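The values are calculated or read from the model by the stated rules, or taken from the named source; none is laboratory data. Since the model is a prediction, treat every value here as computed from it, not as a measurement. Cβ: placed from backbone, ideal geometry, glycine included. Neighbour counts: every protein chain shown. Quick note on the areas: whole protein, heavy atoms, side chains included, nothing else; ligands and nucleic acids left out. Shrake-Rupley method; radii C 1.70, N 1.55, O 1.52, S 1.80 Å.
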Amino acid sequence: MASILHPLRIGKHIIRYPIVQGAMAVRVSGAKLAGAVANAGGVGTIATLGLGLHSPYFHQRKRGNFFEVNRLALIDELTEARTISPNGAIGVNILVATKDYPVLVQTAAACGANLIVTGAGLPLTLPMYTTDYPDVALVPSISNLLSAQIICETWQNQYNRLPDALIVKNCQMVGGHFTQCENIGSPEFSIESLISQLRDYLEQQMGVKIPLIVTGGIWDRTDIDRILAIGADGVQIGTRFITTEECDADRRYKDFHLKACSEDIVTVPSPVGKPTRALRNPFTEQAMAGSSTALEQRCIANCLESCLCRDTGKTYCLLQALAKAASGDVERGLIFSGANVRYAERIVSVKELMAVLTQQ
């Protein structure tokens with residue numbers, strides 16, 4: 001029998017189930033998926049990277065540059081998500097490495113997000129952008145103890161606050177970009193070791209108990225129970241939510257995941273300078289072979305602070321590669337995936353999937 005799943009408190013928000021839906025770009029996890037997960041008792045998360053692509057604002061180009069387009073699209077997504085789930089927990093994932101990071105944080109806080117989750121960098125100034133919105137929970141993503149120490153001590157010294165929770169990346173299993181690839185097989189970098197280190201640091205040195213939410217390789221209830229048993233307070237699940245009716249991606253993207261298995265997972269170079277996990281297709285074959293001339297290298301948005309595609313002409317446009325895949329071009333796009341891919345029989349509703357994940 002599975003253990004009982006207890007509610008998860010993140011800042012001032014109490015989540016019925018300790019499950020956070022992972023952010024997936026571009027427009028894989030938008031308002032429809034986030035709203036459905038929030039309705040089902042988890043945290044629904046909108047991914048902001050490239051959110052303005054394929055929006056009416058992007059095609060008009062009358063209302064500002066790409067960053068203004070992103071801001072307007074985020075407002076629309078938050079409005080729609082809140083319409084779907086008036087009382088659920090809605091989060092917004094914002095990458096520190098994007099140029100419109102401060103604007104998107106302020107927009108998310110002002111437009112009703114319950115949580116702001118950050119990734120792709122240390123959000124050392126995040127509290128500064130949300131001063132007027134004390135009820136918005138701030139949740140940085142980290143992959144090691146040092147990152148947690150830097151964030152916690154900087155925030156405490158400069159803003160007299162601490163994170164409301166931490167998303168802890170299991171670098172051995174997480175989808176998309178990951179770090180510490182040279183140490184990925186070392187026992188001291190296991191998720192069990194990292195959770196223990198973080199708990200000791202937070203409770204013994206900082207004197208607080210901050211919820212630790214593990215992400216990477218979590219597929220079913222057995223995985224959830226295993227992660228909670230090692231001391232985590234919750235889990236973040238991304239890939240499993242792709243094969244749901246409410247997932248915002250094209251049906252061809254969902255079907256591609258539906259047929260995937262662990263043998264399809266490959267590690268691909270990325271414009272951000274880190275390795276990334278994705279599903280094998282013609283695009284990844286070209287990227288792994290270094291066939292940059294066969295990949296789209298035109299920078300379409302100048303969205304990242306640092307980008308090998310824009311700055312050196314190497315690799316490919318990350319935004320365009322992700323957007324192509326999510327729009328249904330599963331041959332010429334980049335399809336992120338966690339390492340723990342298992343057979344999924346069919347597309348299900350979020351309500352049905354959450355029932356499977358949470359049943360006692």
- [ ] Look at SER306 and say whether it is in a loop (DSSP other than H, G, I, E, B), at pLDDT below 90, open to solvent by 30 Å² or more (accessible area, probe 1.4 Å) and of a type in the set (Ser, Thr, Tyr).
- [x] yes
Task: Given (1) surrounded by 20 or more Cβ atoms within 10 Å (Cβ to Cβ); (2) under 21 Å from ALA109 (Cβ atoms); (3) in contact with a Cys (Cβ under 8 Å, 6 or more places away or on another chain), index of the condition ALA89 fails - done: (3)
Task: Contacts under 6 angstrom Cβ, first residue in segment 255-272 being within 16 Å of VAL330 (Cα to Cα), partner assigned to a helix (DSSP H, G or I) and among the polar types (S, T, N, Q), 6 or more apart - done: HIS257/THR243; LEU258/THR243; VAL266/THR284; VAL268/THR284
Task: Matching residues in segment 57-74 - criterion: being surrounded by fewer than 15 Cβ atoms within 10 Å (Cβ to Cβ) and either closer than 14 Å to GLY30 by Cβ or modelled with pLDDT under 75 (or both) - done: HIS59, GLN60, ARG61, LYS62, ARG63, GLY64
TODO: Tell me, please, whether a residue that is closer than 25 Å to ALA355 by Cα, in the same structural domain as ASP225 (by the TED database) and among the β-branched types (Val, Ile, Thr) can be found in segment 58-77.
DONE: no
- [ ] Please specify each residue of segment 102-123 satisfying the condition of being more than 25 Å from ILE19 (Cβ to Cβ) and modelled with pLDDT of 95 or more.
- [x] GLN106, THR107, ALA110
TODO: State which residue pairs qualify: first residue of a type in the set (Lys, Arg) and inside segment 135-155, second residue open to solvent by 20 Å² or more (accessible area, probe 1.4 Å) in any location, beta carbons under 8 Å apart, and separation of 6 or more residues or different chains.
DONE: none
Task: For GLY338: the one exception among (1) within 26 Å of ILE19 (Cα to Cα); (2) in the same structural domain as LEU258 (by the TED database); (3) in contact with a helix residue (DSSP H, G or I) (Cβ under 8 Å, 6 or more places away or on another chain) - done: (2)
TODO: List the number of the failed condition for ARG199; all other conditions in (1) in contact with a Gly (Cβ under 7 Å, 6 or more places away or on another chain); (2) closer than 26 Å to VAL28 by Cα; (3) not polar (S, T, N, Q) hold.
DONE: (2)
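Residues checked against (1) at pLDDT 95 or above; (2) open to solvent by less than 10 Å² (accessible area, probe 1.4 Å); (3) in a helix (DSSP H, G or I); (4) within 27 Å of PRO271 (Cβ to Cβ):
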{"site": "SER141", "(1), (2), (3), (4)": "no, no, no, yes"}
{"site": "SER147", "(1), (2), (3), (4)": "no, no, yes, yes"}
{"site": "TRP155", "(1), (2), (3), (4)": "yes, yes, yes, no"}
{"site": "GLU182", "(1), (2), (3), (4)": "no, no, yes, yes"}
{"site": "GLU188", "(1), (2), (3), (4)": "no, no, yes, no"}
{"site": "SER196", "(1), (2), (3), (4)": "no, no, yes, no"}
Open item on the list: Can you confirm whether VAL136 is modelled with pLDDT of 90 or more, in contact with a Leu (Cβ under 8 Å, 6 or more places away or on another chain) and surrounded by fewer than 16 Cβ atoms within 10 Å (Cβ to Cβ)?
Closed with: no
Open item on the list: Take the conditions buried (at least 18 other Cβ atoms within 10 Å of the Cβ), in contact with a Ser or Thr (Cβ under 6 Å, 6 or more places away or on another chain) and not in a strand (DSSP E or B) and apply them to ALA81. Does it pass?
Closed with: no
